[in-house]
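The values are calculated or read from the model by the stated rules, or taken from the named source; none is laboratory data. Note that the structure is predicted; figures quoted are calculated from it, not measured. FYI the Cβ positions are ideal-geometry reconstructions off the backbone, even for glycines, and counts take in every protein chain you see.
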Amino acid sequence: MEPWIEIIIIIATSTALAISIASMYIATRFHRLFRSFEASFKSKTLRSKKRKKRYLVFRIYRLDSNPSFEELDLCIREALKEGIGLLGMAETGVKLIRYNSTSGFGVLRIVSSYIERTIFSISRMRLCNNKKLLLIPLVLTGTLEKAYKKIQDYEKKYSSF
């Protein structure tokens, strides 16, 4: 074989070797990058599936005596059952956390994916044990401590009324 052909073959094989090494390096870099993106995507997806709790601060206005904790809990459940149905009520995970019958302020726990439906259903409530009342949603918070702080602020602000 002629020497110039051997030189071309050596150059071609060394170029092919360099290209294959570079492509392997690029492939491993992209694979690592893809794995990190995939891991972050999966964790965000799992976090978004978690049912987050929100706390609704509300006030009850009533002409005669305010309802007790148990009466109000029953009335809220009936309003939800009427507004969004039994299955919807089960999915909302609504729970009456705190209610002060003297001031009329209370805290309701709601699952974050059903906030609008729940607020709509309970704000339409006008009767509790055949007595007229008005439930007004005031603030929606992410923690129970903030909800308690808002209740204290409202009680200080409106205690003279």
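Among the residues of region 83-99 satisfying the criterion of being modelled with pLDDT of 90 or more and under 17 Å from residue 133 (Cβ atoms), which is farthest from the chain's Cα centre (by Cα)?
It comes out as 99.
What is the residue count in region 1-59 for residues that are at pLDDT below 80 and under 30 Å from residue 134 (Cβ atoms)?
The total comes to 1.
Tell me whether region 124-136 contains one or more residues that are within 12 Å of residue 56 (Cα to Cα) and either touching a strand residue (DSSP E or B) at 6+ places or on another chain (Cβ under 8 Å) or not polar (S, T, N, Q) (or both).
So far as region 124-136 goes, yes, one or more of its residues are within 12 Å of residue 56 (Cα to Cα) and either touching a strand residue (DSSP E or B) at 6+ places or on another chain (Cβ under 8 Å) or not polar (S, T, N, Q) (or both).
Might you check whether a residue that is assigned by TED's automatic domain parsing to the domain that holds residue 151, in a loop (DSSP other than H, G, I, E, B) and at pLDDT below 85 occurs anywhere in region 66-77?
Within region 66-77 (the criterion being assigned by TED's automatic domain parsing to the domain that holds residue 151, in a loop (DSSP other than H, G, I, E, B) and at pLDDT below 85), the answer is yes, since at least one residue qualifies.
Among the residues of region 75-107, write down those that are more than 30 Å from residue 156 (Cβ to Cβ) and not small (Gly, Ala, Ser).
77, 78, 80, 81, 82, 84, 86, 87, 89, 91, 92
Can you say whether residue 85 is at positive phi and either of a type outside the set (D, E, K, R) or surrounded by 15 or more Cβ atoms within 10 Å (Cβ to Cβ) (or both), as far as the supplied structure shows?
yes
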